[in-house]
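A.B. asks: Questions regarding the structure given below will be posed in turn.
The values are calculated or read from the model by the stated rules, or taken from the named source; none is laboratory data. None of these values were measured; they are calculated from a predicted model. Cβ sites come from the backbone with ideal geometry, for glycine too, and all protein chains shown count toward neighbours.
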Amino acid sequence: MKIIKKYLLILILVAACDYSAQELSGIPGAFVDVGFGARPVSMGGAYTAFASDVHSIVWNPAGLSRLKKSQASFNYVNQLGLVDYYYMSAAMPLSPESRSAAGILVISSGDKALREWTFGTAYSKEIWGFLMGVGVKVRYATFGNNTLSKTDLIIFEQDEIDAGLGNQVFGSALGFGVDVGFLFDLSERVALGISFRDMMSSLSWDSDNKNSDLKPKGKYSEALPTEAYIGLAFKVLDELSIAADYSPGFIQDANPKLFAGAEGVLFKILYLRAGTQYYINNVQDEKFTLGIGLDINALPDMTIKTDFGYLIERLDNTVRFTLGLEF
């Protein structure tokens, strides 16, 4: 059994480092992963091996098996001061003996110009001494439903206004994605995590306008880029943990990335976090993160978890807020 586990681990590591042979589309402009959950983002996104709560559904579904109690979470972020993202998730352990757990999520973002929805579920279980998780997401989007009137375009001539309104594109998109994750406890204090986001995916678009002479692309499908993450988590002390992730760049114009973060606990209720994201290129686009969390024991069997995260980057700084329950 140990030999099987050893070779399986090697196989997964090789796949994570050389997955670029797959045919992938370019970086999508829709359904962008902006980092959900104030706690993971506050640790610089180094959460692949550290995943152990309800946010594991997004970061590494294998981490759901580390849940001791049920959890529910609501997250909000206004990305770059432009787009509102709402993320709701819930997860619960199913069987302590088999270390199995399941979770669900809903993500909503945008406005009438582009509204996106993601519905997902994930399942995790211990197999041969390591944790494995699978997540399935259904994506739906509508676009072009924002209203325009001729009075909004008074600087143009009448024929230009009519042409512009006739060329306004509207439509919808529907697709799916499959995530896979693994967690290995290398020792009591060291864990290795591997996750593939959108290991399988498809997104079908359907667009139209009111101009019969100049039609948009219409119906077509594309795959969202697969992202792989390899991470290590190390519990330095009972009150201090550090983590690091590496993500290779599979597709054109996508750079390899390094993530690092730390979490410290004070008095078992107050959490201090910091991290960084480093893109391996010649551009100064590093990101830095800070965060704080507070656990409040509202009832004997219920804990209110509040987390704030602050992402510092070149374009604009972003605040994240998470309100959660553990029961």
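A.B. asks: Can you tell me which of T147, T151, T226, T142 is at pLDDT below 95, within 30 Å of the chain's Cα centre (by Cα) and more than 26 Å from D53 (Cα to Cα)?
C.D. replies: T142
A.B. asks: Turning to a different aspect of this structure: Restricting to the range 40-86, what's the tally of residues that are of a type in the set (S, T, Y) and surrounded by fewer than 24 Cβ atoms within 10 Å (Cβ to Cβ)?
C.D. replies: Qualifying residue count for the region: 5.
A.B. asks: Filter the range 293-314 down to the residues that are within 20 Å of the chain's Cα centre (by Cα) and among the hydrophobic types (A, V, I, L, M, F, W, C), then identify the one that is farthest from G249 (Cα to Cα).
C.D. replies: Applying the filter and picking the extreme gives F308.
A.B. asks: Residues in the range 176-186: is at least one charged (D, E, K, R), crowded, with 22+ Cβ neighbours inside 10 Å and either touching a Leu at 6+ places or on another chain (Cβ under 8 Å) or in contact (Cβ under 8 Å) with a residue 24 or more places away in the chain (or both)?
C.D. replies: Scanning the range 176-186 turns up at least one residue that is charged (D, E, K, R), crowded, with 22+ Cβ neighbours inside 10 Å and either touching a Leu at 6+ places or on another chain (Cβ under 8 Å) or in contact (Cβ under 8 Å) with a residue 24 or more places away in the chain (or both).
A.B. asks: Being over 30 Å from L64 (Cα atoms), in a strand (DSSP E or B) and either out of contact with any His (no Cβ under 7 Å at 6 or more places or on another chain) or modelled with pLDDT of 85 or more (or both) narrows it down to one residue among G171, G175, G164, G133; which is it?
C.D. replies: Checking each option against the conditions leaves just G171.
A.B. asks: So is K305 touching an Asp or Glu at 6+ places or on another chain (Cβ under 7 Å) and either of a type in the set (S, T, N, Q) or surrounded by 15 or more Cβ atoms within 10 Å (Cβ to Cβ) (or both) or not?
C.D. replies: Yes; evaluated as a whole, the condition is true for this residue.
A.B. asks: Mind checking whether some residue in the range 269-279 is charged (D, E, K, R) and more than 18 Å from A49 (Cβ to Cβ)?
C.D. replies: No, the range 269-279 contains no residue that is charged (D, E, K, R) and more than 18 Å from A49 (Cβ to Cβ).
A.B. asks: Moving on to the next point. Being among the β-branched types (V, I, T) and surrounded by fewer than 17 Cβ atoms within 10 Å (Cβ to Cβ) is the filter here, so list the residues in the range 105-140 that pass it.
C.D. replies: If the condition is that a residue be among the β-branched types (V, I, T) and surrounded by fewer than 17 Cβ atoms within 10 Å (Cβ to Cβ), then V106, T121, I127, V134, V136, V138 are the ones that fit.
A.B. asks: Select from the range 240-259 the residues that are surrounded by 14 or more Cβ atoms within 10 Å (Cβ to Cβ) and either within 20 Å of S187 (Cα to Cα) or not hydrophobic (A, V, I, L, M, F, W, C) (or both) and list them in ascending order.
C.D. replies: S241, I242, A243, A244, D245, Y246, S247, P248, G249, N255, K257
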